[in-house]
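One structure is given below, encoded as structure tokens.
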Amino acid sequence: MYIIIFSTITIDGKLASKDYYSQLSCKYDKLRQHILRSEVDAIMVGGNTVRVDNPSLTLKYTNGKNPIRVIVSNSLNFDISYRIFNTLPQTMIYTSTSANVEIENKLKEKGVIIRRLNNINMCNIMSDLECNFNVHKIMVEGGGKLIWSIIKENCFNELRVTISPRIFGNGVSLANGEGFLGKESPKLKLKDVKICECGEEVHLIYRNHTIKK
């Protein structure tokens, strides 16, 4: 399994503002994002990203095969009319044993695969995707809580981040969790850096050399 975190953030490290505005990408960054989507087996997002953005997570700016969509959600608190539940390709949700059974049944009627785990552990989810669904390369698009969980568990190979020329001051951080103690924080290795074709953004690729799996 090869796991790539992809996000576009502000200069001060936010992927969304305090009112959840997150339209940060230029057209070239969107193209980068969708090319990567075309190269992976699955895209993963958190439940709040689905509720706030109502994304379809399909290819729009390049050609190729749409990867399956994977949502991580403890609550299953979703409106079944969301686009991700009503468009191809396959959508899967990883959730806990205490999730909403009524909504689960409605989602199953729409063809959504529900995977119940006693403990939402990101590395376990990745292993399940690889062993049972032939997912070998996955793209994590957010949000901040999901990205934090993946980084905290050291369950990723690359971080690809575009720096947008905005400053939010407050909002949702790229890794939105309780945080590391300074000396215990992960240190990644810079693999590539380029100025975006728009001339206003910078795209960085970091590699994690300490991944557990």
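Things worth noting here:
- Karplus-derived 3J(HN,Hα) values for region 35-44, using 6.51 cos²θ - 1.76 cosθ + 1.60 with θ = phi - 60°, are 5, 5, 4, 5, 9, 10, 8, 8, 10, 10 Hz; glycine and proline are entered as x.
- Cα Rg, Dmax, region 48-101, angstrom units: 12.0, 39
- In this Cβ point-charge picture (+1 for Lys and Arg, -1 for Asp and Glu), region 2-207 has a dipole of about 220 debye about its Cα centre.
- Counting Lys and Arg as +1 and Asp and Glu as -1 over every other residue whose Cβ lies under 9 Å from the Cβ of Gly169, the net charge comes to +1.
- The DSSP beta bridges internal to the chain are antiparallel in roughly 35% of cases.
- Positive-end residue of Pro165, Asn134, Pro55, charge dipole of the chain with Cβ unit charges: Asn134
- Residue exposure sequence - Tyr28, Tyr61 - by fewest surrounding Cβ within 10 Å: Tyr61, Tyr28
- Projecting the Cα atoms of Leu181, Leu31, Ile5 onto the dipole axis of region 2-207, where Lys and Arg carry +1 and Asp and Glu carry -1 at the beta carbon, places Leu31 farthest toward the positive end.
- In straight-distance terms, cross-link reach from Lys30 covers every one of the lysines whose alpha-carbon lies under 16 Å from its own, apart from those fewer than eight places away in the same chain; here that gives Lys60, Lys194.
- Contact order for region 68-213, expressed relative to its length and based on alpha carbon pairs under 8 Å spaced 6+ residues apart, stands at 18 percent.
- Note, ³J(HN,Hα) from phi for region 188-197, Karplus 6.51, -1.76, 1.60, rounded to Hz, x at Gly and Pro: 8, 10, 6, 9, 7, 9, 8, 7, 4, 4
- Lys/Arg +1, Asp/Glu -1 at C-beta; region 21-151 dipole; positive extreme among Asn121, Met44, Tyr82: Tyr82
- For region 138-169 versus region 107-124, the inter-centroid distance based on Cα atoms is 22 Å.
- Least to most buried among Cys131, Cys198, Cys123 (fewest other Cβ within 10 Å first): Cys131, Cys198, Cys123
- Listing Phe156, Phe85 from fewest to most neighbouring C-beta atoms within 10 Å gives Phe85, Phe156.
- Only aspartates and glutamates eight or more places from Lys183 in sequence, or on another chain, were considered; none has a Cα closer than 12 Å.
- Computed over neighbours whose Cβ is under 15 Å from that of Ser98, the net charge equals 0, Lys and Arg +1, Asp and Glu -1.
- Cα-Cα separations in the chain greater than 31 Å, expressed as whole percent: 16 percent
- Placing unit charges on the Cβ atoms only, positive for Lys and Arg and negative for Asp and Glu, gives region 136-183 a dipole magnitude near 80 debye about its Cα centre.
- Cross-link partners of Lys137 among lysines, defined as those whose alpha carbon lies under 17 angstrom from its own and excluding same-chain residues fewer than eight positions apart: Lys65, Lys212, Lys213.
All of the numbers you see were taken from the coordinates with simple rules; none came from a lab. These figures come from a predicted structure and were not determined experimentally. Positions of Cβ are backbone-derived with ideal geometry, glycine not excepted, and every protein chain shown enters the neighbour counts.
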